[in-house]
Amino acid sequence: MKSFKISFKIAFIFVVSLLFSKPSTACTGIKLTAKDGSNIIARTMEWGGFQMPSQLILVPRGYTKYAVMPNGMKGMKYTAKYGYVGIGVLEHNFVAEAVNEKGLCVELFYFPNYGESEEFDPSKKNISISDAEMLGWIVGRFATVDELLRELNTVYMTAYGEGFDAPHFSVMDATGKEVVLEYYDHKWHVHNNTVGVITNAPNFDWMVTNLNNYVNVFASTNKPRKITSDLSLRAFGVGSAAWGLPGDLTPPSRFVRAAFYVHTASPQSTGRDAVMQSFQILNNFDLPIGAEFDQEERNKIPDMLSATQWTTSIDTKSMKFYYRTQWNYSIRCIDLKKINFTNCKYQAIPLDIVKEHPVEEVHFR
C-alpha cells in the first residue's frame with residue numbers, strides 16, 4: 001500500500017482534530033450476548049466534516065514504538081504483547097477501535113467538555129502517552145479488563161495540544177466484562193458497564209442515572225381503554241408503550257434509545273446471529289449527512305453518503321471482526337484465528353475504495 005506523503009507531526013494534528021472536533025460527537029456503542037455465550041461489542045463511528053481516511057490495521061505481536069509528545073519529543077516506549085486488528089485514522093498510531101488475539105476489545109468515543117488529560121511533563125516522558133494513542137497501548141498489552149485496571153495508573157496520559165478533550169474508552173474482554181474509562185479531575189474513573197451502552201458526554205454515571213427519567217417506557221403496545229360506553233381508545237400501531245423514547249441525536253438521547261433496543265432485543269442463538277442483530281440495532285443510529293448542520297453550513301456539506309462513516313461488530317468467542325462502511329453496506333469479516341500474529345507484519349489498508357457502491361444484480365431464470 002502506498003504510504004501517505006505527510007509528515008508525522010501534521011498527521012498527528014490532523015487526526016487529533018478529526019477525533020476531537022465537533023462533528024464527531026454522535027458515536028454509539030452497544031453490547032449483546034448470545035445464547036451460546038458469545039459476547040458481541042459493536043459501535044458506529046460518526047464524522048460529518050469530511051471523508052475520513054480510515055484504515056484496517058494489523059499489528060503483530062512484539063510491535064514496538066514510541067509515543068509521540070506535543071513538542072515532537074519521544075514519549076514512553078511500548079511493545080505489543082498481543083497482536084491486534086483494528087481501524088486506524090490516517091496513521092496506525094491513532095486507533096479508534098481494536099480487538100487483540102486474546103479477545104480484549106477497546107473502543108474510543110469522543111467525550112467533549114468532560115474528558116481531560118494532563119499537560120506534558122518532560123520529567124515524565126518515559127511513562128507518558130498521548131490520549132490519542134492510549135487505545136493502542138491498552139489493546140496491545142492486556143488480555144483482560146482486570147489486568148488493565150491493575151496497571152492503568154502506571155502511565156501518564158497527556159493531551160497532545162490545548163483545546164482538545166480527551167476521549168473516554170469502552171473496554172470489554174472475552175468473558176464479557178466491560179468497563180468505561182474516563183479521565184478527569186486528575187484521575188481515572190472506572191465504571192462497570194452493566195447497561196451495555198456507551199455514547200459521548202456527559203459522564204457515564206450521569207447517563208445511567210438519566211435512565212430513571214424513562215421508567216415509564218417499555219416494549220409493548222397499550223391495551224384499548226374504554227372511556228365511555230360509546231368511546232374506546234386504541235393505539236394506532238405497535239410500540240405505543242414506548243411513547244416518550246427520545247429520538248434526537250444528542251448523546252443522552254442516543255444512550256436511552258440504545259439501552260431500550262439492547263434490553264428489548266430477543267437473545268440470538270449464536271454469536272454470528274447476534275452480530276447481525278447488532279448491525280440491525282445500530283441502523284437506528286446512522287446519521288444522515290447534513291442532519292447536524294444548519295442551513296448556512298448545509299451549503300458546504302461534503303460529498304458523502306452519511307456522517308456514519310463506518311460501523312463495526314466484534315465477536316470475542318469466534319474471534320471475528322466485522323465491519324461495513326458508508327460506501328459499502330456489505331458486511332466484511334476478519335477472522336483473527338487465521339492470523340499468525342508472530343510472523344505477520346504490520347499492515348494498513350483502506351477500509352474500501354471511496355465512492356464505490358457495489359450492487360449485486362439479480363437475474364430471474
* Structure fact -> Of the residues in region 123-132, those that are over 17 Å from T64 (Cβ atoms), part of a helix (DSSP H, G or I) and not basic (K, R) come to S123
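Among the listed residues K74, K102, identify the single one that is touching a strand residue (DSSP E or B) at 6+ places or on another chain (Cβ under 7 Å), among the basic types (K, R) and touching a residue at least 40 places away in the same chain (Cβ under 8 Å).
Just a single option satisfies the conditions, and that option is K74.
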* Asked: Limited to region 34-88, what total is found for residues that are open to solvent by 30 Å² or more (accessible area, probe 1.4 Å), in contact with a Pro (Cβ under 7 Å, 6 or more places away or on another chain) and closer than 22 Å to S278 by Cβ?
  -> 1
* Structure fact -> H263 vs (1) closer than 26 Å to E46 by Cβ; (2) open to solvent by 70 Å² or more (accessible area, probe 1.4 Å); (3) outside any helix (DSSP H, G or I): all pass except (3)
* Asked: Which ranges mark the strands (runs of 3 or more DSSP E) fully within region 133-236 that have 3 or more residues being in contact (Cβ under 8 Å) with a residue 12 or more places away in the chain, open to solvent by 20 Å² or more (accessible area, probe 1.4 Å) and of a type outside the set (D, E, K, R)?
  -> 187-192
* Tell me, yes or no, whether region 79-86 has at least one residue that is more than 16 Å from the chain's Cα centre (by Cα) and aliphatic (A, V, I, L, M). => yes
* Asked: When you go through (1) touching a strand residue (DSSP E or B) at 6+ places or on another chain (Cβ under 6 Å); (2) in contact (Cβ under 8 Å) with a residue 24 or more places away in the chain one by one for D335, which number turns out not to apply?
  -> (2)
* Checking V95 against (1) crowded, with 19+ Cβ neighbours inside 10 Å; (2) in contact (Cβ under 8 Å) with a residue 60 or more places away in the chain; (3) not small (G, A, S), which single condition isn't satisfied? -> (2)
* How many residues are acidic (D, E) and crowded, with 18+ Cβ neighbours inside 10 Å if we restrict to region 237-260? -> 0
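Between Y110, Y160, Y114, which is within 30 Å of A34 (Cβ to Cβ) and hydroxyl-bearing (S, T, Y)?
Exactly one residue qualifies, and that residue is Y110.
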* Of all residues in region 247-283, count the ones that are over 18 Å from G196 (Cβ atoms) and not β-branched (V, I, T). => 5
* How about region 105-127: which of its residues are within 22 Å of R61 (Cα to Cα) and either out of contact with any strand residue (DSSP E or B) (no Cβ under 7 Å at 6 or more places or on another chain) or surrounded by fewer than 18 Cβ atoms within 10 Å (Cβ to Cβ) (or both)? -> N126, I127
* When region 337-356 is examined, which residues are found to be open to solvent by 100 Å² or more (accessible area, probe 1.4 Å) and of a type outside the set (D, E, K, R)? -> N343, I353
* Tally of residues being open to solvent by 30 Å² or more (accessible area, probe 1.4 Å) and part of a helix (DSSP H, G or I) across region 300-336 -> 0
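The values are calculated or read from the model by the stated rules, or taken from the named source; none is laboratory data. Note that the coordinates shown come from a computational prediction; the quantities given were computed from them, not determined experimentally. Heads up, the Cβs are rebuilt from the backbone with ideal geometry, glycines too, and the neighbour counts pull from every protein chain shown. Accessible surface is based on the protein model in full, side chains and every heavy atom, while ligands, DNA and RNA are left aside. Shrake-Rupley method; radii C 1.70, N 1.55, O 1.52, S 1.80 Å.
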